Structures are given as C-alpha cells and as structure tokens.
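Reviewing the structure listed below.
Nothing in this text is a laboratory measurement; each read-out follows from the coordinates by a stated rule. All of these numbers come straight from a predicted model, not from anything done at the bench. All Cβ positions, even for glycine, are placed from backbone atoms using ideal geometry, and neighbour counts span all protein chains on display.
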Amino acid sequence: MNKNLRQAIIAGNWKMNKTRPEAKALVEELIPLVKDADCGVVVCVPFTNLETVLNAVKGTNIKVGAQNCHFEKSGAFTGEISADMLVEMGVEYVVLGHSERRQYFGETDETVNKRTVAALAAGLKPIVCVGELLWERETNITEEVIARQIKLDFYGVSADDLKKCVIAYEPVWAIGTGKTATADQAQEVCAFIRATLAKLYGQAVADAVTIQYGGSMNAKNAAELLSKPDVDGGLIGGASLKAPDFSEIVKAAK
Ligand code: PGA
C-alpha cells in the first residue's frame, strides 16, 4: 500500500456553473495559486467553457476535463457530445457516472460502462464515480453496491486501460450536503475499491490506480481525508468554485 505508486489528483467538478467570462476569471485566479502543486490538478468544466478554459491554462500545470461524453462516435444523438469531439479540443479527462447523472439523467452502470470504454478508446482519461446512497449505507450494503458498480462500470476494460482511469468514491449522501464522510469511512471504502480491483486485475494494477474521495471535501477537512493510505486525491464540487478554497485542497495533497 505505497502511495508513491500512484499520482495524487485533485479535480474540480464545476457542475452546471460559470458563464465563459466567469470561467476565465476563476481559472486565471487559480493558475498562480496552484502552480507549485505536488499533485495533478484538473478542472472539469461545462462543455461551453472548455475552449475558454483550455486557452487560459495553456502552458500551466492545470489539466482540463469534461463532465460527460457519449458512447457512440457520432450520429443522431441530439444534445450529446462524443469522446472524439473532446479529444480534438485538447480535453484530457472526463467525469463519468457522476451520481447526479445516475439520479437525474437515467445513467446506469451499463451506460457508464459504455461511456468508459468509448472514452478510453478515444484517448481520454475517465474519472469514474461510484458511491452508495444513504439507505444503502444504513442497510449495510455499501460494499455490495460498490463492488457491483466497479465490476459493471469497468466490464471489458483491460488492465492497461484501467491504469489510465481515476476512480472517485463519492458517497451520494455526502455530495453537496455539507455532510462529509469521516476520513476513516472514506479510507474504508477506498481500500475496499482497491481490494476489489486487486481481485479483478491483480495487486500491482490495483496499486497503480488513483482513487479519489468526493463529497463536501473542503479546505478544512481535505488534509485529514488525504492523509489516509488509500485516498489519493479528491473530486471537489462546491469548493472548486472558489480559487482560494480549491488551492488549499491542492496544497493538502502532498
Ligand atoms: P461537493 O460535490 O464537493 O459539492 O459535495 C462533489 C461532487 O459531486 O463531485
């Protein structure tokens, strides 16, 4: 369980926030604050902000991600964006299977799997989100839920491709609620995810995968969460919308 085997990554998930001028201002404020980061820094922005943010971060250590992509290469899928379209722009990461997509937009493990496979084939690095609902935790089936998501979401993904993926453990009850999982709860599930990956792919591959915690992570609680052996980074929603807060979390990831 050597943390040096994998990259720590702090990723901001801006969700449906920021117009282009607001996005430009936020990222320009962020650039000097995170320029000496000891970890990977990613901002996952709305599609409409991709070009603005890609231009603004040129020559810096900030990488850019989208918040979804479709599994087909092209065609009659009104409102969707393909992985190739993102790659052509210079986008490197894509968030897939976020619980908000699962809850509000009918995303299932099957579609998350198809999107993951398509994103990898196009050359994107997927940040695949898994996590249990509150009543699943309360009924003690967290591990079953997480194991099922990991097995289904990565179905057919090779070991080499898995190493390009980031997994975000986001307990649904902690997202946007101000209710953070304790560092021990986060560690427990992140370690379980790694053990599940080890069974499927072998320990060496599992040890190489970056596993983030997400859910009300902020400048105050980040250091404790990130000190845990299997918590390799964070996927940050609310706190990524303020450059000073986000940069404090980046600084905690050493
Ligand atoms: P939050 O969101 O930090 O606002 O809880 C995290 C996420 O949904 O990725």
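Using a Gaussian network model of the chain in which every pair of alpha carbons under 10 angstrom is joined by a spring, one finds that among GLY156, GLY59, GLY90 the greatest mean-square fluctuation is at GLY59. Separation of the range 176-203 and the range 210-254, taken as the distance between their Cα centroids, equals 15 angstrom.
For the chain, how big is the tail of P(r) above 29 Å, as a whole percent of Cα pairs? In whole percent, the long-distance tail amounts to 23.
So how do 237-249, 69-81, 29-41 stack up, highest first, on mean other-Cβ count within 10 Å? Walk me through the intermediate numbers first.
Numbers: 237-249: 20.2, 69-81: 12.9, 29-41: 17.2.
Those peptides, ordered most packed to least, come out 237-249, 29-41, 69-81.
Reducing the range 96-175 and the range 29-85 to their Cα centroids gives an inter-centroid distance of 19 Å. The count of lysine pairs in the range 91-212 that are at least 8 places apart or cross chains, and whose C-alpha atoms lie under 21 Å apart, stands at 12. Computed per residue of the chain from DSSP H runs no shorter than four, each worth -39500 (n - 2.57), the mean residue ellipticity at 222 nm is -12500 deg cm²/dmol.
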